[in-house]
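What follows is one structure encoded as structure tokens, with my remarks underneath.
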Amino acid sequence: MRALTWHGKRDVRVDTVPDPTIQAPGDVVIRVTTTGLCGSDLHLYEVLGPFLDPGDILGHEPMGVVEAIGPQVTALKAGDRVIVPFNVSCGTCFMCAQGLQSQCETTQVHEHGTGASLFGYTKLYGQVPGGQAEYLRVPFGDTLPVRVPEGPPDDRFVYLSDVLPTAWQAVDYAAVPPGGSVAVLGLGPIGDMSCRIAAQRGAGTVIGIDLVAERLDRLRSRDVHTMDLKEYGDGLVDAVRELTGGRGPDAVIDAVGMEAHGNRAVAAAQSMTTLLPDALATAVMKRAGVDRLSALTTAIDLVRRGGTVSVAGVYGGAADPLPLLTMFDKQLQLRMGQANVRRRVDDILPLLTDGDPLGVDDFATHRLPLEQAPDAYEVFQKKQDGAVKVLFNP
């Protein structure tokens, strides 16, 4: 089959690789019909190379059609249409029973002390072959894949693999009171969808903040107050407070993570780490890695006293400094973590089968054949051509 594989920093290629097969009685193999390019994939493209091997298959946002099932699978049959959550979770352990599929005890990566394995996401998370490919082996066939209705195009359901549950959890964790206010930092796919979900779930004021004009334009028509960071600069916090009764928003969602603009010294250090031998780079990143924290510190400044900061953007630093004095003084709540996809699906699916209130049908900005994935990574990383959400059709 053809699959998107990692070969080095900013070097991904579509290669011919062996087809996946049934390896355990509970496995299924799906033929991937649509698969997404996620902002988290850019971390692999840029800074997480020490935890990858050449030839690793990337991608964690697939959906498709069941092609083969293991002898113990009873919930699915060949021909069923499914989405695949990005958490590789068993559905039956203690953590899964708590709705914490991102912490699945069956697939935790004990070697690195991390949570549940993820499709297509480094040795830190199990080095499981990913879904930017023509076919994908999916374990736990009775409990992990989610069957979706026939009829609507893939765009209606593919975001259940990551974007929708991640944004839904970000809004849940933000705990915006009815009619309250929320600011969202970063209007990539997760931030954009977080704005839509917050409005759908009753937030009175939704403020979307970014510095890419095309991303701001997408949300202006959806009752979101957009603010261009390039325009407001150091005056952003005061401007947001003016919109929120002088206090700041009830909640702030950081949908940016480690890719934040800001600290050039940290950016240079991250870049230098990728030039070290893998063994040394791995040790440095696991013990002394530091992220660019401008988005998180902005969130802490923006939110009102007694408010909540919800972190949906991915951070990877092991030695990040936090402004604990400010956080303690402001009596903030801080919530974060990988989305527990399976837990969120039942809440979201009715919004996809009864109209399209979240605008998923036209959410993608680019739909491309998988063979164009290397170019798409570069365009998305550089925020060119209005790229907000890219879908591949293997």
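The values are calculated or read from the model by the stated rules, or taken from the named source; none is laboratory data. Note that the coordinates shown come from a computational prediction; the quantities given were computed from them, not determined experimentally. For neighbour counting, all protein chains shown are included, and Cβ atoms are generated from backbone atoms with ideal geometry for every residue, glycine included. Quick note on the areas: whole protein, heavy atoms, side chains included, nothing else; ligands and nucleic acids left out. Shrake-Rupley method; radii C 1.70, N 1.55, O 1.52, S 1.80 Å.
Starting from region 54-77, take each residue that is under 29 Å from Leu44 (Cα atoms) and in contact (Cβ under 8 Å) with a residue 60 or more places away in the chain and list its partners that are charged (D, E, K, R) and assigned to a loop (DSSP other than H, G, I, E, B), counting only C-beta distances under 7 angstrom and pairs at least six apart or across chains.
His60/Asp162; Glu61/Asp162; Val66/Lys77; Val66/Asp80
Can you tell me which residue in region 213-237 is nearest to Val171 (Cα to Cα), limited to those that are among the β-branched types (Val, Ile, Thr) and either touching a Cys at 6+ places or on another chain (Cβ under 7 Å) or surrounded by fewer than 16 Cβ atoms within 10 Å (Cβ to Cβ) (or both)?
Restricting to residues being among the β-branched types (Val, Ile, Thr) and either touching a Cys at 6+ places or on another chain (Cβ under 7 Å) or surrounded by fewer than 16 Cβ atoms within 10 Å (Cβ to Cβ) (or both), the top hit is Val224.
Helices (runs of 4 or more DSSP H) wholly in region 289-394 with at least 1 residues that are closer than 19 Å to Leu211 by Cα and without any contact (Cβ under 8 Å) to a residue 40 or more places away in the chain - which ones?
Qualifying helices (runs of 4 or more DSSP H): 294-302, 373-381.
Listed residues Asp356, Asp320, Asp361, Asp301; which is open to solvent by 30 Å² or more (accessible area, probe 1.4 Å), more than 23 Å from Gly115 (Cβ to Cβ), acidic (Asp, Glu) and in contact with an Asp or Glu (Cβ under 6 Å, 6 or more places away or on another chain)?
Unique residue meeting the criteria: Asp361.
Could you check, for region 138-151, whether at least one of its residues is in a loop (DSSP other than H, G, I, E, B), of a type in the set (Gly, Ala, Ser) and within 27 Å of Pro394 (Cα to Cα)?
So far as region 138-151 goes, yes, one or more of its residues are in a loop (DSSP other than H, G, I, E, B), of a type in the set (Gly, Ala, Ser) and within 27 Å of Pro394 (Cα to Cα).
If I ask for residues that are open to solvent by 10 Å² or more (accessible area, probe 1.4 Å) and within 14 Å of Gly59 (Cβ to Cβ), which ones from region 381-394 would you list?
Passing the criteria: Asn393, Pro394.
Determine which single condition Tyr173 fails, assuming it passes every other condition in (1) under 13 Å from Val84 (Cα atoms); (2) part of a helix (DSSP H, G or I).
It fails just one condition, (1).
Of Val206, Val240, which residue is open to solvent by less than 20 Å² (accessible area, probe 1.4 Å) and under 21 Å from Trp168 (Cβ atoms)?
Just a single option satisfies the conditions, and that option is Val206.
Report whether or not Gln127 is without any contact (Cβ under 8 Å) to a residue 60 or more places away in the chain, over 26 Å from Cys195 (Cα atoms) and of a type outside the set (D, E, K, R).
Answer is no for this residue.
Those residues that are assigned to a strand (DSSP E or B), open to solvent by 10 Å² or more (accessible area, probe 1.4 Å) and on the phi < 0 side of the Ramachandran plot, I need them from region 1-11; list them, please.
Arg2, Trp6, His7, Asp11
Report yes if Gly115 is touching a residue at least 24 places away in the same chain (Cβ under 8 Å) and over 29 Å from Arg367 (Cβ atoms), otherwise no.
The answer is yes for Gly115.
Out of Leu185, Leu216, report the one residue that is closer than 18 Å to Gly337 by Cβ, modelled with pLDDT of 95 or more and in contact with a strand residue (DSSP E or B) (Cβ under 7 Å, 6 or more places away or on another chain).
Leu185
Select from region 370-384 the residues that are touching a helix residue (DSSP H, G or I) at 6+ places or on another chain (Cβ under 6 Å) and modelled with pLDDT under 95 and list them in ascending order.
Passing the criteria: only Gln381.
Would you point out the residue of region 78-101, among those that are touching a residue at least 12 places away in the same chain (Cβ under 8 Å) and among the small types (Gly, Ala, Ser), that is farthest from Gly141 (Cα to Cα)?
Gly99
So Ala175 passes all but one of these: (1) closer than 30 Å to Val240 by Cα; (2) touching a residue at least 60 places away in the same chain (Cβ under 8 Å); (3) of a type in the set (A, V, I, L, M, F, W, C); (4) crowded, with 24+ Cβ neighbours inside 10 Å. Which condition number does it fail?
(4)
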